[in-house]
Amino acid sequence: MRVALAIACLLGVTSAIATPRTAAAATDADATPLGAAFAAYERGDLAAAEAALARGDGAILNADYALYLRGSIALLQGDAAAARVAFTRLATMPSSRFAEQAAWRAADALWLSPSPDDKRLAAKEYATLKKRRGPPPAQIDLAVIEHRLLSLAPPAQQVARLRQLLIASPGHPLESQFIADLRRVAPRQPLLAPAQQLDRIAQLAAQRDWVVAMSELAALPAALPKPLALRAQFLTGDTLFRMRKRYEEAGRLLLAIYDQLGADAPRAMFRGARALSRADRDDEAISHYLALVAKYPRSEQAHEAFFLAGWLEFNRGNYALAAPRLAAMIAKYPGSEWRGEAEWFLAYSHYLLAQYDLAIAALARLARSDEEQIGGKARYWTARAHALRGDKAAAIAGYKDVVNTWPLTWYATLARTRLAEFTIAMPPLGEAPRTATGPLIEPGDPLVLPEVVADPLIMRVRELQAAGLPRDAGIELQRGESALRKRFAAPRAWAILHALYPALDHPGRLFKLATSYHGGALRAAPTGNARRWWEAAFPRAFAGVIATRGHLGAAPPEFIFAIMRVESGYDPHVVSFADAQGLLQMIPPTTTRVAGSLGLSYGEGDLFDVAFNIETGSWYIGGLFEKFARQVPIAAASFNAGPVAMMRWLNAPHMNTRPLDEFVELVSFRETREYMKRVTTHYIRYQFLYHDAVYEQPLTLQRGYRADDLNY
């Protein structure tokens, strides 16, 4: 870790700058005062950073960045007065992204002063800041501040506040100091009472520190009062469930006590039933779901429990049992958020039972939706039901409707393939004329125009870019988008944004703009002005890196782009709830094995490096692409759910004899089903845009897969 920031973390002074600079960017940027200052700060040379800022006095356009850096340097050097001056001034710049954080840092500077009066004033400022609406900035560590303020509190209050820190901030870097202080002020008392230990364990579980939570549960006293013992058992079962391990044990623990938990009883019963289901104890899970509906019919869990009691029958191929149960759920809870899901699985149960009239009736409400994931699905399967019941005209009309309404999507591609069975060819964009071009984008390079070059926002963005801070430049451009679009006419404003974001390695923002403001261009042919919107919405992001690092995998680049679009929106810095990281959202355990296969070293943070993420991710995705016979939706699903899950589905007798369109709808993970469709849709559009190729989705499922060690 960089020296200055390592020290800063100990002080609770974490960086607000978006990302560290790459070595190349830092080298090129050192010629600018701001770039040289940040480069010196990153390597811990605070004096050189100060000198660089001094050279830029009066010339640095991003004065708030310079002030932020001056204040941070002063804090790290212990110069409270200088830090206070810089941060107080910065806090009065409301247009700066650092303004709110600076107010806290100004209080930090007061606290670092040796004067007791300044410390008391700092405490008042902290109290005022905590009363502001909303949470503090992410860079502000409230636990550090609370620990500081303990010195102003009487010993009796210190004990309670130290215990609260141990409960609310388990695993904090200063936790050993919290414990030492608590033992000093209350040497004869336990650190936490059992009830407080349970509060702390609940917080650990909420933070996903499940292993630590389980170890602290194991360390609880053997004999606890009954209410505490019940809570401990609930936390044990709930934590085991959330760890995705020992599901059956989790279910047994929760179901043994749910009726003793008062208001938490439905939640515990529901979680227990879910755990049994994930342990492949479906009969027991269904029994508990139905019991929950009977016992707690008005609980928030009852709707989903009733749905799952039907869905589990569907999932194991018992469609005749699933259909009446799903119908009963819809009748009992017509306003439920699960109604749409229940209607779909009811309709698909009828379809799979060859009850086509019932399937069509059950799909009617869903077919009115204008969303492809709902309406497109319902209309496609309505057309399939018409085809199988022998109504050729209705089937053809339905397939054409899907292609015309949602061209170049998963269901449109399936519909085109089905139309070909009737020897009917449909253009990829459908029969309706597609003349929309989207908002006009001024031709040529707007960044050379004098009025653009002199624009204050553009000048600031360019300065940050030159300083080796392209991500921060992108943040500032995004913050100023609305005002920029008011200063310039729409064609020029769009041209500026389309030109700048790719230059800032910020394709994710441009992709979001394109999908929100394309004005119908993405439903038209990608020519002329519309093509610029297409290329923004489906960029060949980091194409140079993919060309040099992605060749190790066997998947086409367009498949990698499609997965990147779904996984990260082309943002190299994304982290998911499951700790998937970077452009291709690789998880550390998988990356460790892939890096070993490639002879690469892998350390914490490497997945945020674009080249490393693409190299390891492309190799892994390419291996899955080959393993599963180069079938686009199947390979996508194997990346999302894992190859073992995909092999299980391909081996399932009630699934693997069906055509691919039916197979996809039978995949048991909802997230994976939708992932297959989204990735394939994006792959279709990449092929159409950059290769003028119309992707045809084969409907014959290739059941076989390559036997290799890519089972992780």
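A few notes on this one:
- Relative contact order (%) - the chain, alpha-carbon pairs under 8 angstrom, separation at least six: 8 percent
- Under the Debye formula (equal points on every Cα, no solvent term), log10 I(q)/I(0) of region 476-607 at q = 0.18, 0.22 Å⁻¹: -1.05, -1.36
- Protection-proxy order for peptides 521-533, 217-229, each taking the mean of Cβ atoms within 10 Å per residue, highest first: 521-533, 217-229
- Of the accessible area of region 188-268, computed with a 1.4 Å probe over protein heavy atoms only, carbon and sulfur atoms account for 55 percent.
- Where the chain is the region considered: accessible area per residue in Å², 1.4 Å probe: 43 Å²
- Across the accessible surface of region 562-688, with the other protein chains kept in place and a 1.4 Å probe, carbon and sulfur atoms take up 51 percent.
- In sequence order, calculated HN-Hα J values of region 358-371 (Karplus, 6.51, -1.76, 1.60; Hz; x Gly/Pro): 5, 5, 4, 5, 5, 8, 4, 5, 5, 5, 7, 5, 9, 8
- Label-point separation, ASP283 to ALA59 (7 Å along Cα→Cβ), nm: 8.2 nm
- Aspartates and glutamates whose Cα lies under 16 Å from that of LYS131, excluding same-chain neighbours fewer than 8 positions away: GLU100, ASP141, GLU146
- Partners for LYS377 among lysines (Cα-Cα distance below 26 Å; same-chain residues under 8 apart left out): LYS332, LYS392, LYS400, LYS512, LYS677
- Other-chain or far-sequence residues with amide H under 5 Å of SER96's (modelled H): none
- Extension gain, ALA180 back to ALA489 (0.36 nm per residue minus Cα-Cα distance, nm): 105.0 nm
- Portion, in percent, of the accessible area of region 403-552 that falls on carbon or sulfur, probe 1.4 Å: 58 percent
- Part-to-part distance (alpha-carbon centres) for region 39-57 and region 446-492, which is given in Å: 25 Å
- FRET efficiency for ARG670 and ALA160, using Cβ-Cβ distance with R0 set to 45 Å, rounded to 0.05: 0.50
- Summing +1 for each Lys or Arg and -1 for each Asp or Glu among the other residues whose beta-carbon sits under 15 angstrom from that of ILE201 gives 0.
- Taking only Cα atoms of region 301-353, radius of gyration then Dmax in Å: 9.7, 29
- Our analysis of region 359-515 gives Rg over Rh at 1.22, with the two radii drawn from alpha carbon positions and Rh computed by the Kirkwood formula.
- Inter-label distance, nm, simple model (7 Å from Cα along the C-beta direction), LEU152/VAL694: 7.3 nm
- The C-alpha atoms of region 559-614 occupy a region whose extents along the principal axes are 28, 24, 16 Å, arranged from largest to smallest.
- For region 76-119, averaging the sequence separation of C-alpha pairs within contact (under 8 Å, six or more residues apart) and dividing by the residue count gives a relative contact order of 39 percent.
- Cα pair distances exceeding 12 angstrom across region 669-712, given as percent: 73 percent
- Nonlocal amide H pairs with MET586, under 5 Å, H built at 1.01 Å: GLN581
- Protection proxy ranking, highest mean first, for peptides 308-320, 341-353, 124-136: 341-353, 308-320, 124-136, where packing is the per-residue count of other beta-carbon atoms within 10 Å, averaged.
- Cα-based shape type of region 562-709, given that a ≥ b ≥ c are square roots of the gyration tensor eigenvalues and the cut on a/c is 1.5: prolate
- Loop trypsin sites (Lys or Arg not before Pro), region 679-712 (other Cβ atoms within 10 Å of the site Cβ: 16 or fewer; DSSP): ARG703, ARG706
- Accessible-area rank, largest first, for ARG274, ARG418: ARG274, ARG418, with all protein chains present and a 1.4 angstrom probe.
- Extended-chain gain in nm, criterion 0.36 nm per residue less alpha-carbon gap, ALA193 and ALA420: 74.6 nm
- Once all protein chains are placed together, PHE639 keeps about 30 Å² accessible to a 1.4 angstrom probe.
- Rounded accessible area of ASP282 (nearest 10 Å², 1.4 Å probe): 30 Å²
- Alpha carbon centroid spacing (whole Å) that separates region 613-662 from region 186-220: 41 Å
- For the chain, pairs of C-alpha atoms spaced more than 46 angstrom apart make up 34 percent of the total.
- Under Karplus coefficients 6.51, -1.76 and 1.60, residue-wise ³J(HN,Hα) of region 500-517 in Hz, glycine/proline x: 7, 4, x, 5, 9, 6, 10, x, x, 5, 5, 4, 5, 4, 5, 6, 8, 10
The values are calculated or read from the model by the stated rules, or taken from the named source; none is laboratory data. Just so it is clear, the model here is predicted, and its values are computed rather than measured. A quick note on method: Cβ atoms are made from the backbone with ideal geometry, for glycine too, and the neighbour counts reach across all protein chains shown. Surface areas here come from the heavy atoms of the whole protein model, side chains and all, with no ligands, DNA or RNA. Shrake-Rupley method; radii C 1.70, N 1.55, O 1.52, S 1.80 Å.
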